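> Before anything else, here's the structure in question.
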Amino acid sequence: MKSMRLKARLSLAFFLVVSVMFAIISYAANGLLANQFKNYAIDKQNQRIVAFADLFASRYVDWGNRWDPAGIESIGVSALSEGWLIRLKDQDGQILWDAQVHNHGMCSLMLANNAERMQSQIENFQGGYTEQTQTLTVGAATVGWLDIGFYGPYSYSEVDLAFLKRLNQLLLIAAALSMAIAAILGLVIARQLTDPITRAIQTTRRIANGHYTDRITEEKGPRELAELTSSINSLAESLGRQETMRKQLTSDVAHELRTPLAVLQSHLEAMIDGTWRADQKRLESCHGEVVRISSLVKDLEKLTQIEQGNLNLHKETVDLKALLQRIGLNFQRDFASKNVQLSIQVDPIVVQGDTDKLSQVFINLIANALKYTNPGGSVHVVSQMADSQVIISIKDTGIGIAPEDQTQIFERFYRADKSRARETGGSGIGLAIVKSIVEAHGGRVTVDSQPGQGSTFQVTLPLK
Ligand SMILES: Nc1ncnc2c1ncn2[C@@H]1O[C@H](COP(=O)(O)OP(=O)(O)OP(=O)(O)O)[C@@H](O)[C@H]1O
Ligand SMILES: [Mg+2]
């Protein structure tokens, strides 16, 4: 049952429900019918008894107000053939004709037949010989008595039985038909439900095999299925995105490594074949390239670590004011030696977050602000509350960022001014790390900058 297919399970359930329903209905119908039929049989029986009494009374008149033995016998014999045991008495109680006397064997046979018929139809039928007496009257005068014996309390004739049998057959046919219809309907309904699922599974398999652009396009099926397919589609989308990111990263890394490696290679070759002398200046330049490569590799490691670690943040209560003041303290000497002013004015604000990662965010942003601000400039860090979020702004009076660069600086390895970045030693990963951490905290980071005037980076974090 566990590994049974949904289609089979649904059809079976449908079939079972219909069968049980039918069983209940036919059981109830059968009971009702049996009861009705019994009442009908008793009614018919009473009518027959009255009709016999009427017949004898009217014949009495026909025979000239007397009992005609031959006439009585002919009625009695024909009644006996239908199972009625007649005994007729005149007004003095004198027996004129008695079926038991006339043909005792026939009477016993009739009763036995009836008993057998009833017992074959109704289990444990309690019946036996029953007698009713009718007073025969003509006008106001009593002309005799009629004792009618029969198998009682009631009995069914052959015709009645045939009718009952036919009814039961019809019920059986209806049962078979409705079960067949239930099975077919169950299959159809199950199909409607499972076919889209089967198709969705096929597409999911293709997606799993790397066809990230495939999408499930099911319009039919229940709403839960639509929800399932849409989440599978977005899964495919994010898989696709990650795949592109991965490819992008590989090509970015290759690209970033190519230049310093090429410089290193040509310098070393020149020195080996004697074109250049391996003097201190040249060796230092080679060393510089090696340092750049190793710092790039270190940054890359950090980026990977952070992107992986963001899946698993160690959230705790972080006091932003204390955090930023601590960072400011660590930067004091760097700012002083470059003659850039640093001011931190942050309200006591508490957020839920990963302390180490949030520190990394502000360290990167403040380091950038210092790096891209000329001596004599200043950097301000301020906080601001808005609704259920907090905004930390890092504002510098530095060189600013051209509008066309502003959208790209958060990308890995993107540097607005490559030659300058070369001097300052950055690899363009700092802001990518910032963005990744902030977004993992449910926040966002934006930039607003005027070239030549300065830049403002805003980190927005949710308070709850
Ligand atoms: N405060 C700023 N003022 C002007 N330009 C900036 C500022 N912050 C970032 N940028 C520009 O955005 C680019 C990307 O910054 P990012 O921090 O990602 O890399 P980086 O500082 O060059 O290198 P690193 O990986 O060492 O941080 C920088 O190269 C710079 O051109
Ligand atoms: Mg940086």
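The values are calculated or read from the model by the stated rules, or taken from the named source; none is laboratory data. This is a predicted model, so every value here is computed, not measured. Cβ placement follows ideal geometry from the backbone for every residue including glycine, while neighbour counts extend to all protein chains displayed.
> Looking at this structure, is Leu329 more than 15 Å from ligand 1 (Cβ to nearest atom) and crowded, with 20+ Cβ neighbours inside 10 Å?
no
Every residue, every condition in (1) within 13 Å of ligand 1 (Cβ to nearest atom); (2) outside the structural domain of Ala432 (by TED's automatic domain parsing); (3) in contact with a strand residue (DSSP E or B) (Cβ under 6 Å, 6 or more places away or on another chain); (4) more than 18 Å from Gln332 (Cβ to Cβ), yes or no:
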site	(1), (2), (3), (4)
Pro348	no, no, no, yes
Gly353	no, no, yes, yes
Val361	yes, no, no, yes
Ala369	yes, no, yes, no
Asn374	yes, no, no, yes
Ile391	no, no, yes, yes
Ile399	yes, no, no, yes
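> Can you name every residue in the range 108-129 that is without any contact (Cβ under 8 Å) to a residue 24 or more places away in the chain and closer than 13 Å to Glu158 by Cβ?
Glu116, Ser120, listed by residue number.
> Being part of a helix (DSSP H, G or I), among the acidic types (Asp, Glu) and in contact (Cβ under 8 Å) with a residue 40 or more places away in the chain, is that true of even one residue in the range 183-202? Let's see the steps before the verdict.
Residues of the range 183-202 part of a helix (DSSP H, G or I): 183-202.
Add one more test, that the residue is among the acidic types (Asp, Glu), and what stays is 195.
Now drop any that are not in contact (Cβ under 8 Å) with a residue 40 or more places away in the chain, which leaves none.
No, because not a single residue in the range 183-202 is part of a helix (DSSP H, G or I), among the acidic types (Asp, Glu) and in contact (Cβ under 8 Å) with a residue 40 or more places away in the chain.
> Identify the residue in the range 35-59 that is within 16 Å of Asn168 (Cα to Cα) and touching a residue at least 24 places away in the same chain (Cβ under 8 Å) and, among all such residues, is nearest to the chain's Cα centre (by Cα).
If we take residues in the range 35-59 being within 16 Å of Asn168 (Cα to Cα) and touching a residue at least 24 places away in the same chain (Cβ under 8 Å), then Phe37 is nearest to the chain's Cα centre (by Cα).
> Based on what the data block shows, is Val340 assigned by TED's automatic domain parsing to the domain that holds Ile429, more than 13 Å from ligand 2 (Cβ to nearest atom), out of contact with any Ser or Thr (no Cβ under 6 Å at 6 or more places or on another chain) and modelled with pLDDT of 95 or more?
Values: assigned by TED's automatic domain parsing to the domain that holds Ile429: yes; more than 13 Å from ligand 2 (Cβ to nearest atom): yes; out of contact with any Ser or Thr (no Cβ under 6 Å at 6 or more places or on another chain): no; modelled with pLDDT of 95 or more: yes.
It is false that Val340 is assigned by TED's automatic domain parsing to the domain that holds Ile429, more than 13 Å from ligand 2 (Cβ to nearest atom), out of contact with any Ser or Thr (no Cβ under 6 Å at 6 or more places or on another chain) and modelled with pLDDT of 95 or more.
> Let me ask something else about it. Looking only at the range 304-324, decide whether some residue is in contact (Cβ under 8 Å) with a residue 60 or more places away in the chain, surrounded by fewer than 15 Cβ atoms within 10 Å (Cβ to Cβ) and of a type in the set (Gly, Ala, Ser).
No: zero hits.
> On to the next question. Out of curiosity, is Ile363 among the hydrophobic types (A, V, I, L, M, F, W, C) and under 21 Å from Ile433 (Cβ atoms)?
In short, yes.
> Quick check: is even one residue across the range 440-463 near ligand 1 (Cβ under 7 Å from one of its atoms), in contact with a Phe, Trp or Tyr (Cβ under 8 Å, 6 or more places away or on another chain) and in the same structural domain as Asp334 (by TED's automatic domain parsing)?
Within the range 440-463 (the criterion being near ligand 1 (Cβ under 7 Å from one of its atoms), in contact with a Phe, Trp or Tyr (Cβ under 8 Å, 6 or more places away or on another chain) and in the same structural domain as Asp334 (by TED's automatic domain parsing)), the answer is yes, since at least one residue qualifies.
> Anything in the range 365-399 that is within 15 Å of ligand 2 (Cβ to nearest atom), part of a loop (DSSP other than H, G, I, E, B) and not aromatic (Phe, Trp, Tyr)? List them, or say none.
Thr373, Gly398, Ile399
> Go through Asp347, Asp299 for me and flag whichever is acidic (Asp, Glu) and farther than 22 Å from Lys435 by Cα.
Result: Asp347 is the single residue among Asp347, Asp299 that is acidic (Asp, Glu) and farther than 22 Å from Lys435 by Cα.
> Does any residue in the range 206-231 that is within 24 Å of Glu243 (Cα to Cα) come within less than 7 Å, Cβ to Cβ, of a residue that is of a type in the set (S, T, N, Q) and not in a loop (DSSP other than H, G, I, E, B) six or more places away or on a different chain, and which pairs are these?
Asp214/Thr203; Arg215/Asn233; Ile216/Thr203; Ile216/Thr229; Ile216/Asn233
> In the list Arg412, Arg444, which residue meets the criterion of being more than 16 Å from ligand 2 (Cβ to nearest atom) and of a type in the set (Lys, Arg)?
Arg444
> Can you name the condition, by its number, that Gly426 falls short on among (1) touching a residue at least 40 places away in the same chain (Cβ under 8 Å); (2) part of a helix (DSSP H, G or I); (3) touching a Lys or Arg at 6+ places or on another chain (Cβ under 7 Å); (4) within 14 Å of ligand 2 (Cβ to nearest atom)?
(2)
> Any idea which residue in the range 416-439 is farthest from Ile363 (Cα to Cα), counting only those that are modelled with pLDDT of 75 or more and more than 10 Å from ligand 1 (Cβ to nearest atom)?
Here the residue is Glu439.
> Being loosely packed, with under 15 Cβ neighbours inside 10 Å, polar (S, T, N, Q) and in contact with a helix residue (DSSP H, G or I) (Cβ under 9 Å, 6 or more places away or on another chain) narrows it down to one of Thr250, Thr244, Thr275, so name that one. If you could, list the steps in order and put the result at the bottom.
On the way: Thr250 fails: in contact with a helix residue (DSSP H, G or I) (Cβ under 9 Å, 6 or more places away or on another chain); Thr244 fails: in contact with a helix residue (DSSP H, G or I) (Cβ under 9 Å, 6 or more places away or on another chain).
Criteria check complete, one pass: Thr275.
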